[in-house]
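The structure appears below as structure tokens.
The values are calculated or read from the model by the stated rules, or taken from the named source; none is laboratory data. In this text, all values refer to a predicted model and were calculated from it rather than measured experimentally. FYI the Cβ positions are ideal-geometry reconstructions off the backbone, even for glycines, and counts take in every protein chain you see. Please note that ligands, DNA and RNA were not included when accessible areas were found on the heavy atoms of the full protein model with its side chains. Shrake-Rupley method; radii C 1.70, N 1.55, O 1.52, S 1.80 Å.
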Amino acid sequence: MRIIIVGCGKVGSELAGQLSAAGHDLTLIDLSERRLDELSNTYDLATVKGSGTSYHVLREAGVQDTDLLIAVTTHDEINLLSCLIARKASGCHAIARVRDPEYVSDLGFIRDELGISMVINPELSTARVVSRLIRFPSAIRVSTFARGRIELLDLKIPHESRLDGMAVCEVNPLLRTDVLLCMVRRDGQTYIPKGDFILRENDNITVIIPPHEQSEFFETVGLPVKRISSAMLVGGGKISYFLAKILLDSGISVKIIENKLERCEALSEMLPHATIIYGDGTDRNLLDEEGLATCEAFAALTGMDEENILLSLHAGRHSHAKLFTKVNRVNFEEVIENLPIGTIIRPKQTTAELIGQHIRAMQNSMGSNIETLYKIVADKAEALEFRVRGDSPVLGIPLEKLRTRNNLLVACINRNGRIIMPRGKDTLEAGDTVIIVTTHTGLNDLKDILM
């Protein structure tokens with residue numbers, strides 16, 4: 001696809017890397033020549049210096065021949081205007097990043113009336129990701145497929161778990177479950193495990209578990225199952241606002257600590273059922289007074305990465321809360337991911353991934369049959385949902401006889417809303433959607449799973 005990206009900040013740069021690796025024809029527009037030079041020296045793409053709201057700049061970038069324009073500058077109005085001009089100039093698809101909470105209730109109207117394919121609010125999207133993880137206290141990450149019918153859960157095998165030392169082929173017979181173990185990450189390596197693969201304590205595993213068996217499985221393997229009922233959020237920004245709203249609606253009590261009085265007053269009006277504390281979230285005495293020791297979920301969501309990391313380290317030592325830590329920068333990523341700070345929240349990365357999923361869905365209408373895509377491990381592993389077409393070469397062949405690539409697993413089949421945990425005798429039929437988990441990145445068609 002020919003794609004123009006307007007804005008080369010963190011989201012734009014992340015997108016440039018993802019889309020360039022996927023082989024798209026990219027052109028970047030930004031006012032900063034330095035940013036453009038850095039990205040053009042790193043990736044195979046074209047650049048144009050200027051404003052995305054200029055018709056002449058868009059023409060120079062080739063908008064008349066482009067398939068998609070993505071506007072991700074720091075200004076909502078510029079993003080919307082860039083999309084509108086691009087739509088009028090060429091009729092191409094357009095995606096706009098819109099961050100202001102005041103626009104949230106209007107996102108559907110903006111999308112439909114301006115003819116924009118996707119309007120994404122990074123903070124709202126991030127809040128939804130965190131709220132989903134709070135709903136699953138044991139999960140590190142939750143990925144949804146088949147319009148929410150199927151969930152891939154990332155879990156960490158705890159100390160003294162029954163899974164420690166167990167072979168993958170033994171899990172279901174010994175635990176009397178119907179879990180499908182899709183992937184294991186250990187010591188920086190990613191595996192699609194075969195039946196003789198031995199699980200170890202602290203392995204990160206990706207599983208599909210039927211909803212009615214989830215609680216029993218978690219309890220059996222030593223993972224927490226108790227529903228979270230209280231959350232403490234430090235930092236009163238947009239993510240905290242959206243997250244608090246979602247949690248309150250689901251019956252979870254929320255306490256927000258914010259160090260700006262004016263913002264506290266605004267939050268009190270917008271979230272009348274939340275407890276808003278005016279104070280310094282890095283004050284240990286304040287945290288103790290406000291019940292850190294007894295809170296069940298703790299999210300460090302200030303604007304400072306270092307502050308968030310220290311807060312989560314402290315909360316981890318003085319509570320049993322499920323931890324969430326917002327980190328914007330990717331420097332020292334290997335060090336940060338090994339710290340005991342719970343789930344790391346990266347709003348920019350979340351936004352880029354959601355836009356990437358939408359682009360894959362667009363390709364579906366342009367010839368590909370990918371419905372949904374999640375990067376389970378950045379640049380190392382993907383979970384993809386494919387639509388099975390009537391002319392597919394995989395039709396009607398038992399899975400045990402399909403000559404698929406190594407390091408690839410047929411993880412789940414959705415047949416008219418009926419979820420099938422696949423076994424060797426199962427076949428793929430026209431109209432099914434099927435989830436493929438693999439370490440081969442960049443698959444574009446279901447036939448690509450074959451050797």
Criterion: at pLDDT below 95, farther than 25 Å from GLY442 by Cα and open to solvent by 30 Å² or more (accessible area, probe 1.4 Å) - qualifying residue of GLU33, GLU38 | GLU33
Test: ILE134 is open to solvent by less than 20 Å² (accessible area, probe 1.4 Å), among the aliphatic types (A, V, I, L, M) and not in a loop (DSSP other than H, G, I, E, B) | yes
Restricted to segment 165-190, and to residues that are open to solvent by 50 Å² or more (accessible area, probe 1.4 Å) and in a strand (DSSP E or B), which residue is farthest from HIS212 (Cα to Cα)?
-> GLN189
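Which one of these is part of a strand (DSSP E or B), modelled with pLDDT of 90 or more and either out of contact with any helix residue (DSSP H, G or I) (no Cβ under 9 Å at 6 or more places or on another chain) or open to solvent by less than 10 Å² (accessible area, probe 1.4 Å) (or both): ILE78, ILE95?
Working: ILE78 fails: part of a strand (DSSP E or B).
Exactly one residue qualifies, and that residue is ILE95.
I'm trying to understand the selection: among the residues of segment 271-292, which are surrounded by 15 or more Cβ atoms within 10 Å (Cβ to Cβ) and not aromatic (Phe, Trp, Tyr)?
Restricting attention to segment 271-292, the residues satisfying the condition of being surrounded by 15 or more Cβ atoms within 10 Å (Cβ to Cβ) are 271, 274-279, 281-282, 286-287, 290, 292.
The answer is LEU271, ALA274, THR275, ILE276, ILE277, GLY279, GLY281, THR282, LEU286, LEU287, GLU290, LEU292.
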Residues located in segment 383-403, provided they are under 26 Å from VAL142 (Cα atoms), touching a helix residue (DSSP H, G or I) at 6+ places or on another chain (Cβ under 9 Å) and not basic (Lys, Arg) = LEU384, GLU385, PHE386, VAL388
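One residue is enough: does segment 230-237 have a residue meeting the conditions under 20 Å from GLY316 (Cβ atoms), among the small types (Gly, Ala, Ser) and assigned to a helix (DSSP H, G or I)?
Scanning segment 230-237 turns up no residue that is under 20 Å from GLY316 (Cβ atoms), among the small types (Gly, Ala, Ser) and assigned to a helix (DSSP H, G or I).
Taking the residues in segment 249-270 that are of a type in the set (A, V, I, L, M) and within 18 Å of GLU290 (Cα to Cα) as candidates, determine which candidate is surrounded by the fewest Cβ atoms within 10 Å (Cβ to Cβ).
LEU261
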If you go through segment 98-120, how many residues are under 16 Å from PHE242 (Cα atoms) and of a type outside the set (A, V, I, L, M, F, W, C)?
-> 7
Taking segment 98-131 and the residues there that are assigned to a helix (DSSP H, G or I) and among the hydroxyl-bearing types (Ser, Thr, Tyr), the one that is least open to solvent (accessible area, probe 1.4 Å) would be THR126
